[in-house]
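The values are calculated or read from the model by the stated rules, or taken from the named source; none is laboratory data. Here the structure is a predicted model, which means the values were calculated and not measured. Heads up, the Cβs are rebuilt from the backbone with ideal geometry, glycines too, and the neighbour counts pull from every protein chain shown.
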Amino acid sequence: MSDSNTAERQSTIAGGRDRPRRIGLRGIGCLVVAVCIGAISSPQATGLAQSVPAQARPLDRPTLADAQRLFYNARYEAAAALALALRASDVHDLASDELRSSAVLFQLKALLEGRADKEGALKNCATCPDLIAEFLADIRHGQNLARTTLRSTPGDEAALFFLGKLDLNYVWLQLGPLRRKTGWDEYWEARRSLDAVLAHNPRHVRARVARAWIDYIVDTTMPWGTRWLLGGGNRKHALTDVREAAQVESDFFSHAEAEFALWNMELRERDMPHATAVARRLSRDFPDNRELATFLEAREASLRR
């Protein structure tokens, strides 16, 4: 899409590269948000979301949508593996880079986070080096593709969004599972890329969700001085944005992403009634998601006491 201020948009994307490489974002890596899109067939969307149109295709020809459905059902390893297999069929674009990097990120979170020996977790993880290498390859490919597109078409909405999203995946990996205080350039590029999308299209659901997570995490986990250095955050604004994003009429996948973000934020807010309502809606579309099922089972048990 075109933009009324091309020069400003270009400076927005490039702006973070002159900043220091290290970043004091301790705690931001705890971000828990389902950030991928996907469905295996054409289930009816919940709320205002539209259903996915059914399209005839050979049963032995899986698509990116199949991998996306696996991701949303918390089957991260299978989602990453299928996304990789699809790449052999030349399905290697920004959407597949984002999906695969997100699936690998959640695999690494499961392997490395919540361990008693946090320092030794990575050292003792036999599969982590290969996963990290795969993750970085996907991130770099997607970043290069997005930046190349933006050099020729600075206002390209899809390139702006995916660049911001891939940058955030990189930041979450470094500061979360890997516990490395790095990612300054990627953080600022992500923030500015998403702001550029929303300045042009305020109803871009996925950009609103991703940007809201930045506001929420910065405000709720960073000390005041660090919040200021990171451009500030706003927890209440983030909650409002995600709640509104979940009500915007959008495609099935974008709606699901907003709902997952809303569920996670309501959990962080300890608003269990609302979190439960969202989880019930999601579980109808993603019945194989054990994370949702476990949460709902625990809630039902607590209500029976």
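Given the criterion charged (D, E, K, R) and either free of Cβ contacts under 8 Å to residues at least 40 places away in the same chain or surrounded by fewer than 22 Cβ atoms within 10 Å (Cβ to Cβ) (or both), identify the matching residue among R206, R180.
R180
Where in the stretch 128-242 are the helices (runs of 4 or more DSSP H), entirely inside, with at least 2 residues that are modelled with pLDDT of 95 or more and among the acidic types (D, E)?
157-175, 184-200
Sort out which residues of the stretch 96-140 are of a type in the set (D, E) and either touching a Ser or Thr at 6+ places or on another chain (Cβ under 7 Å) or surrounded by 13 or more Cβ atoms within 10 Å (Cβ to Cβ) (or both), and write them in order of number.
D97, E98, E113, E134, D138 - these are the residues of the stretch 96-140 that are of a type in the set (D, E) and either touching a Ser or Thr at 6+ places or on another chain (Cβ under 7 Å) or surrounded by 13 or more Cβ atoms within 10 Å (Cβ to Cβ) (or both).
Given the criterion aliphatic (A, V, I, L, M), exposed (fewer than 14 other Cβ atoms within 10 Å of the Cβ) and in a helix (DSSP H, G or I), identify the matching residue among A256, A301, A275.
When all the criteria are applied, what remains is A301.
Starting from the stretch 287-301, keep only residues that are within 13 Å of W263 (Cβ to Cβ), then list their pairs with residues that are charged (D, E, K, R) and modelled with pLDDT of 95 or more whose Cβ atoms are within a distance under 8 Å, requiring at least 6 positions of separation or different chains.
Going by the 8 Å Cβ cut-off, the qualifying pairs are L296/R280.
Filter the stretch 64-115 for residues that are over 14 Å from F135 (Cα atoms), hydroxyl-bearing (S, T, Y) and in contact (Cβ under 8 Å) with a residue 40 or more places away in the chain and give the result.
Y72
What's the total number of residues in the stretch 141-156 that are surrounded by fewer than 18 Cβ atoms within 10 Å (Cβ to Cβ) and either touching a helix residue (DSSP H, G or I) at 6+ places or on another chain (Cβ under 9 Å) or in contact (Cβ under 8 Å) with a residue 12 or more places away in the chain (or both)?
Number satisfying all stated conditions: 5.
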